[in-house]
Every structure is written in C-alpha cells, then in structure tokens.
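Read through the structure below, which is laid out as structure tokens, and then see the notes.
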Amino acid sequence: MRAKILIVDDEELFLDSLGEALSNNEYKIFKASRGKDAIDGFKKLKPDVVILDVRLPDANGFEILGWLRQHPDFGKLPIVMVTAETEAEDVLQGLRGGADGYIFKPFQAEALIQCIRKVLNIS
C-alpha cells in the first residue's frame, strides 16, 4: 500500500514540484495551501506523513504542529517541517514541538525522500 503524504505549503509551485517528485516514488500525494484545509485534510485523509511549512496565509505551522501533537488521533503522526525558517530558535521550536524532521528550503528532493523513508521506517 502506498503511503499517503499531506503537503501543507502556501507556495503553489513548491506544492506541484514536490508533489511530482514524491509521486514518482509511489507515494499518494495530497496538498493543502492553507491551515484550515490542512486540518480538514488530517481528519478526512488520515495521512501517514505530513510535510508542513511554518508560514501559511491563515495559520502558523508551529501552531498546527502543536495541535496535531495534542490531538488523540494524530499525536504520533510523522511530521517533517520543510521551511525557509532557518534560525536556530525556529529549528528548536519545531523539534521541541514534536517535529520528526526539519528541512530547510531550498533542498534536494532526495534529502526529503530519505527523511520520509526514515520516519516511515522504510529501508
């Protein structure tokens, strides 16, 4: 069975290119560009992994991360932050908040694929 990945990012070009890179690796890709759409997506799709940006037009990715970690259905959901927020305090906020990975934009698609494989325990 293909892993379901929900990509949450407000940059349409990023959503499309990342979705294409990951779908080539036989993941089932879903996209959300707003925090509200992401929360609806968590509930409806029950993804296996979430790729989450920090800056969204209607939400903060760190707040969504906190909501997921407190939610009884999503507390253990693997979450990889993929963001341009590269300050040490941002990285620490993401990791202390429960992110399973933190990758800086821009990045190599292969680095993200390897991170996803790791959080899904795929060798």
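Hey, among the residues in the stretch 90-123 that are at pLDDT 90 or above and assigned to a strand (DSSP E or B), which one's surrounded by the fewest Cβ atoms within 10 Å (Cβ to Cβ)?
Checking each candidate, the answer is Ile103.
Could you tell me which numbered condition Gly75 fails, if it satisfies all but one of (1) free of Cβ contacts under 8 Å to residues at least 12 places away in the same chain; (2) farther than 17 Å from Gly97 by Cα; (3) touching a helix residue (DSSP H, G or I) at 6+ places or on another chain (Cβ under 6 Å)?
Status for Gly75: all satisfied but (2).
Quick one: would you say Glu26 is loosely packed, with under 15 Cβ neighbours inside 10 Å and at positive phi?
Spelling it out, Glu26 is indeed loosely packed, with under 15 Cβ neighbours inside 10 Å and at positive phi.
Go through (1) crowded, with 16+ Cβ neighbours inside 10 Å; (2) touching a Phe, Trp or Tyr at 6+ places or on another chain (Cβ under 6 Å) and name the single condition Ile64 misses.
Result: Ile64 passes all but (2).
Are there any pairs, at least 6 apart or on different chains, whose C-beta atoms fall under 6 Å, with the first in the stretch 85-107 and under 22 Å from Glu11 (Cβ atoms) and the second polar (S, T, N, Q), and if so, which?
Close Cβ pairs satisfying both conditions: Phe104/Thr86.
Restricting to the stretch 29-48, name every residue that is surrounded by 18 or more Cβ atoms within 10 Å (Cβ to Cβ), within 20 Å of Ala84 (Cβ to Cβ) and not small (Gly, Ala, Ser).
Lys31
Could you look through the stretch 1-17, keep only residues that are out of contact with any strand residue (DSSP E or B) (no Cβ under 6 Å at 6 or more places or on another chain) and loosely packed, with under 14 Cβ neighbours inside 10 Å, and pick out the one that is farthest from Gly35 (Cα to Cα)?
Met1
Show the residue pairs that are 6+ apart or on different chains and have beta-carbon atoms under 7 Å apart, the first residue being within the stretch 40-56 and closer than 10 Å to Phe30 by Cα, the second being basic (Lys, Arg) and surrounded by 15 or more Cβ atoms within 10 Å (Cβ to Cβ).
Leu45/Lys4; Pro47/Lys4
Please tell me if Pro72 is surrounded by 19 or more Cβ atoms within 10 Å (Cβ to Cβ), part of a loop (DSSP other than H, G, I, E, B) and at pLDDT 90 or above.
No: the conditions fail for Pro72.
The values are calculated or read from the model by the stated rules, or taken from the named source; none is laboratory data. Just so we're clear, the structure is a prediction, and the values are computed from it rather than from any experiment. Positions of Cβ are generated from backbone atoms using ideal geometry, with glycine treated the same way; all protein chains shown enter the neighbour counts.
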